[in-house]
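Chemist: What follows is a structure written as C-alpha cells; I'll ask about it next.
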Amino acid sequence: MASHKNTACGLDCYDACKIVLKEGAFPKMSGDAEHPAGNGALCTFLNKSMHEAPRIEKARVNGLEVSLDEAMEAVYHAFTKKDSLLWRGSGNMGVMQEVSNLFMERVEGHLTKGSLCDAAGDAGIVEGRGVNKGLPLEQIKSADSVIIWGRNITVTNAHLMPFLEGKKIVVIDPVKTAIAKKADLHIQLQPRTDYYLALMLARLVFMEDSQATEWLEEFAPEYKDFYEFTQEHRMEPILEYIGTDLGEMGRVLNYLRDQKVVFLVGTGVQKYSTGAATLHAIDSLAALLGLFGAEGCGVHYLSDSKLGFVNPFEVPCKRVSKVVTKFSDFGTVLIQGGNPAESMPDTKRVCEELEKVEDLIYFGLYENETSKRAKIVIPAKNFFEKEDVRLSYGHQYVEKMNKVADSEIGISEYDFTKYLFDAFNLAGLESEQYYIDAWLTQCKKQGEQYISPAYEEIPYKNGFGKEGDDAFEFIEDYADDFINVKDERFWLLSPKTNKALNTQFKRDNKVQMHPDAGYAEGEKVRLSSDNGNLELEVVLNADLHANCVVVTNNTLGLNILTPSIVSDEGENACYQEAKVTLSKI
Ligand SMILES: Nc1nc2c(c(=O)[nH]1)N[C@H]1C(S)=C(S)[C@@H](COP(=O)(O)OP(=O)(O)OC[C@H]3O[C@@H](n4cnc5c(=O)[nH]c(N)nc54)[C@H](O)[C@@H]3O)O[C@H]1N2
Ligand SMILES: Nc1nc2c(c(=O)[nH]1)N[C@H]1C(S)=C(S)[C@@H](COP(=O)(O)OP(=O)(O)OC[C@H]3O[C@@H](n4cnc5c(=O)[nH]c(N)nc54)[C@H](O)[C@@H]3O)O[C@H]1N2
Ligand code: SF4
Ligand SMILES: [Mo]
C-alpha cells in the first residue's frame, strides 16, 4: 500500500511543485504552502487534467491487446535483433526516466543529443559564463526591477508571481501577455529581434557611461572589445527593425540603471537558429551592468538542473540528433515519455521516418500520434505511482517523489529496465533505492529541505567558468544577416497554453491573429509555410504584434509548419524560424 503523505509534480514545468495529500489520501491534494517555491496551490493539470485524461491501460503488439509480460517479451526480441535508438521526451521530469540509459549502453544502442526546448539559450549562456547556474529565488525576491524577457510567466511559471510583488516590471514580448498588461513598461518588439535589442541597450549603456566599470575590470576585462562590437551595429535602422525608438529605449534604461535588476528570460527568445547568440547578448548586457555575483541581481533562464551531480545514468553511448532524428537508420526505436510525431518539428518528415522503423516501441501514458504508429505499446506508470527524485530548472529545491497511489496499470521505468537486464542476462543493475539515494545523498540540505549541490546563494560571486575563476566572455560576433526588408508573411509563434502541458491534455485547432490581418472571428484559414499547410480557426487578438500569428503548441498539426533545422549552437529545435502566409478556404 502506498503510505506516503507527499510527493512532487513531475510535469515539465519551471515550478516543480511539492504536493501534499489532503486528508492523507490520494487523490485529494494541494500544494505545500510551507515550501519555499510554492504557495499552497497546484494548477489545473494536477487538480483535474491528470486525473481525467484517459490512460493507455493495456499493452499492445501489432494492434492487439496483450498482457504486459507478452509485450515486454516483444520488446526484448526487438532489442535482440538490431541497431537501436532510445528517443526520450520530457513527459516526466523525474531523474529515474534516465535509468533506461543503462540498458542502452549494454546493448550498444544509441541515445540522442540536442533538445526541443532550451538548448540554444543554454549554449549562449555557457559561451559567456562557462556554466549555466540557476539564480536562486531569493535573489529574484530582493530585486528592485524585473525584466521579463520572452517568458509567459502567468501561464508557464505561475508560482513565481508572489516573488514579483512590489517590483517594477518591464516585459519584452511581441504579445501583450497578461503580465505585460500589468507591467510598468511593455516593449512589443518584432519577433526574433531580441539580439538587436540587447545590443542596442548595451550601446546606450556605454554612451551614457552607466556600465559597472569597477566590476568589469575585475570580472569581465574585455568589455572594451564589447564596446567596439556594439559600435559595429547601426542604431537607426536597427531600432526601426526592432520596432522601437530612442525614447522607448531611454525608458527601459530607467529600469536598468543604478538598481538591483533581474532578467527572467524564457524559451520564447531562442526558438530560432540564432537563439544562442540572443542569450549571449542578453547575458552580455547583464554583465555590462554588473548584474552577476551581486545580491538581488542576475539572469534567470532554464538552468542546468543536473549541475553539481554525478549522474549515475550518464553513459558513453553514441548519440544522434534529437531534432532532426533519422529514425529510419534504426531497426528498433524506443520512444519513452514523449510524443515526437507531434512535438518534433517537421511532422511530415518525422512521420515518414517513424513509419520506416521495423520495431517502433512507444512507452508512455496516453494515446497520441506516436502511440498510433507503434508496433509495441507499453503503458507507463504515472509519477503518482512510482518512486523518483525531482530536480528543477526553475529553482534550487529538490524533492523526493513518493509513490502515493497504487495502480494495476503499467510499468515503471526502473522495472522496464530491470526486465530487460534480466531477459538479456545482464548483471550490474543496482536496486531502485540505490539510485534514488545516489541522487538524494548528493544534495545539500537546508534543514529538512534538499537543495541542488550546485546551489550558491549568489552565483558567479567569485567569477565564471567551471572552477569559478574565469572572466566573463562577451559576445563578439553574430552570424545572422540583418536585412531590413518588408515581408508580407507572418512570424509563426508557438508559445505554451494553460490548457495543456505540451501535447498532453487539451488539444486545440485555433490561430490567433491581429484584427488588421483581414479575417473574421471563427473563420477557417489556411496557414502555409515552406514546410506545409494547416487549416485552423481564427481567433482575433489585438494584443499581438501585427506581423505575427500565435498557434499554441498544443495545436493538432502545428509542427507540419515548422522546419527540420537545428540552431547555430546547442543543437536545438527552431520552431519559430518559420513564417506563414494566410489564405481563405
Ligand atoms: N501551462 C503550461 N506550462 C508550461 C508548459 C506548457 O505546455 N503549459 N510547458 C513547459 C515547458 S516544456 C517549457 S520549455 C516552459 C516554457 O515556458 P516559457 O519560457 O514561458 O515559453 P513560451 O510559452 O514558449 O513563450 C514565452 C513567451 O515568449 C514570447 N515570444 C515568442 N517569440 C518571441 C520573441 O521573438 N522575442 C520575445 N522577446 N518573446 C517572444 C511569447 O509570446 C510568450 O509570451 O514552460 C513550461 N510550462
Ligand atoms: N511548435 C512547437 N513545438 C514544440 C514546442 C514549441 O514551443 N513549439 N515546445 C517544445 C518543448 S519546449 C518541449 S519540452 C517538447 C515536449 O515534447 P515531448 O517531450 O514529446 O512531450 P509531450 O508532447 O508532452 O509528450 C509527453 C508524453 O510523455 C508521456 N509520459 C508522461 N509521463 C510519463 C512517465 O512517467 N513515463 C513515461 N514513460 N511516459 C510518460 C505521455 O504519454 C505524453 O504523451 O515539445 C516541443 N514542441
Ligand atoms: S504543472 Fe507546474 S504549476 Fe502545475 S502542479 Fe506541476 S509543477 Fe506546479
Ligand atoms: Mo520545454
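Chemist: Would you confirm whether any residue within the stretch 90-101 is away from ligand 3 (no atom under 16 Å from the Cβ) and surrounded by fewer than 18 Cβ atoms within 10 Å (Cβ to Cβ)?
Modeler: Within the stretch 90-101, none of the residues are away from ligand 3 (no atom under 16 Å from the Cβ) and surrounded by fewer than 18 Cβ atoms within 10 Å (Cβ to Cβ).
Chemist: Further question: With a cut-off of at least 1 residues that are open to solvent by 10 Å² or more (accessible area, probe 1.4 Å) and of a type in the set (Val, Ile, Thr), name the strands (runs of 3 or more DSSP E) lying wholly within the stretch 212-330.
Modeler: Counting at least 1 such residues, we get 318-321.
Chemist: Just a yes or no: is a residue in the stretch 135-148 out of contact with any Lys or Arg (no Cβ under 7 Å at 6 or more places or on another chain), closer than 30 Å to Asp437 by Cα and within 16 Å of ligand 2 (Cβ to nearest atom)?
Modeler: Scanning the stretch 135-148 turns up no residue that is out of contact with any Lys or Arg (no Cβ under 7 Å at 6 or more places or on another chain), closer than 30 Å to Asp437 by Cα and within 16 Å of ligand 2 (Cβ to nearest atom).
Condition check ((1) outside the structural domain of Lys445 (by TED's automatic domain parsing); (2) within 16 Å of ligand 4 (Cβ to nearest atom); (3) open to solvent by 40 Å² or more (accessible area, probe 1.4 Å); (4) modelled with pLDDT of 95 or more) across all residues:
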position: Glu367; (1), (2), (3), (4): no, no, yes, yes
position: Lys375; (1), (2), (3), (4): no, no, yes, yes
position: Ala380; (1), (2), (3), (4): no, no, no, yes
position: Glu385; (1), (2), (3), (4): no, no, no, yes
position: Leu391; (1), (2), (3), (4): no, yes, no, yes
position: Phe421; (1), (2), (3), (4): no, no, no, yes
position: Asn425; (1), (2), (3), (4): no, no, yes, yes
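Chemist: Let me ask something else about it. Tally time: how many residues in the stretch 88-108 are closer than 22 Å to Pro379 by Cα and either hydroxyl-bearing (Ser, Thr, Tyr) or away from ligand 1 (no atom under 16 Å from the Cβ) (or both)? Write out each step before concluding.
Modeler: Initially, the stretch 88-108 is screened for residues closer than 22 Å to Pro379 by Cα, giving 88-104.
Among the residues that remain, those that are also either hydroxyl-bearing (Ser, Thr, Tyr) or away from ligand 1 (no atom under 16 Å from the Cβ) (or both) are: 90, 95-96, 98-104.
Residues that pass the stated criteria total 10.
Chemist: Within the stretch 141-160, restricting attention to residues that are in contact with a helix residue (DSSP H, G or I) (Cβ under 7 Å, 6 or more places away or on another chain) and surrounded by fewer than 20 Cβ atoms within 10 Å (Cβ to Cβ), which residue is farthest from Asp480 (Cα to Cα)?
Modeler: Lys141
Chemist: Take the stretch 486-495 and flag every residue that is part of a strand (DSSP E or B) and near ligand 1 (Cβ under 8 Å from one of its atoms). Give the steps one after another, and end with the answer.
Modeler: Kept after step one, since they are part of a strand (DSSP E or B), are these residues of the stretch 486-495: 490-493.
Listed by number, the residues that qualify are Trp491, Leu493.
Chemist: Report yes if Ala286 is hydrophobic (A, V, I, L, M, F, W, C) and without any contact (Cβ under 8 Å) to a residue 40 or more places away in the chain, otherwise no.
Modeler: yes
Chemist: Tell me the strands (runs of 3 or more DSSP E) entirely within the stretch 496-583 that contain at least 3 residues that are more than 23 Å from the chain's Cα centre (by Cα) and surrounded by fewer than 20 Cβ atoms within 10 Å (Cβ to Cβ). Give the derivation first.
Modeler: Numbers: elements: 510-513, 524-528, 533-540, 548-550.
It comes to 524-528, 533-540.
Chemist: Does at least one position in the stretch 29-48 carry a residue that is more than 30 Å from Ile140 (Cα to Cα), out of contact with any strand residue (DSSP E or B) (no Cβ under 8 Å at 6 or more places or on another chain) and open to solvent by 20 Å² or more (accessible area, probe 1.4 Å)?
Modeler: Yes - at least one qualifying residue is present in the stretch 29-48.
Chemist: Additional query: Is it the case that the stretch 48-60 has a residue that's within 16 Å of ligand 1 (Cβ to nearest atom), outside any helix (DSSP H, G or I), of a type in the set (Asp, Glu) and under 30 Å from Lys506 (Cβ atoms)?
Modeler: Among the residues of the stretch 48-60, not one is within 16 Å of ligand 1 (Cβ to nearest atom), outside any helix (DSSP H, G or I), of a type in the set (Asp, Glu) and under 30 Å from Lys506 (Cβ atoms), which makes the answer no.
Chemist: Restricting to helices (runs of 4 or more DSSP H) lying wholly in the stretch 76-186: which have 1 or more residues that are over 17 Å from the mean Cα position of the chain (by Cα)? Steps first, answer last, please.
Modeler: Values: elements: 100-106, 119-129, 137-141, 153-156, 178-182.
Qualifying helices (runs of 4 or more DSSP H): 100-106, 119-129, 137-141, 178-182.
Chemist: Evaluate the following for Asp359: is it among the acidic types (Asp, Glu), in contact (Cβ under 8 Å) with a residue 60 or more places away in the chain and either assigned by TED's automatic domain parsing to the domain that holds Asn554 or open to solvent by 20 Å² or more (accessible area, probe 1.4 Å) (or both)?
Modeler: Answer is no for this residue.
Chemist: Take the stretch 408-428 and flag every residue that is within 27 Å of the chain's Cα centre (by Cα) and among the polar types (S, T, N, Q).
Modeler: Hits for the stretch 408-428 are Ser412, Thr417.
The values are calculated or read from the model by the stated rules, or taken from the named source; none is laboratory data. All values derive from a computational prediction rather than experimental measurement. Note: ideal-geometry Cβ built from the backbone for every residue, glycine included; neighbour counts use all protein chains shown. Please note that ligands, DNA and RNA were not included when accessible areas were found on the heavy atoms of the full protein model with its side chains. Shrake-Rupley method; radii C 1.70, N 1.55, O 1.52, S 1.80 Å.
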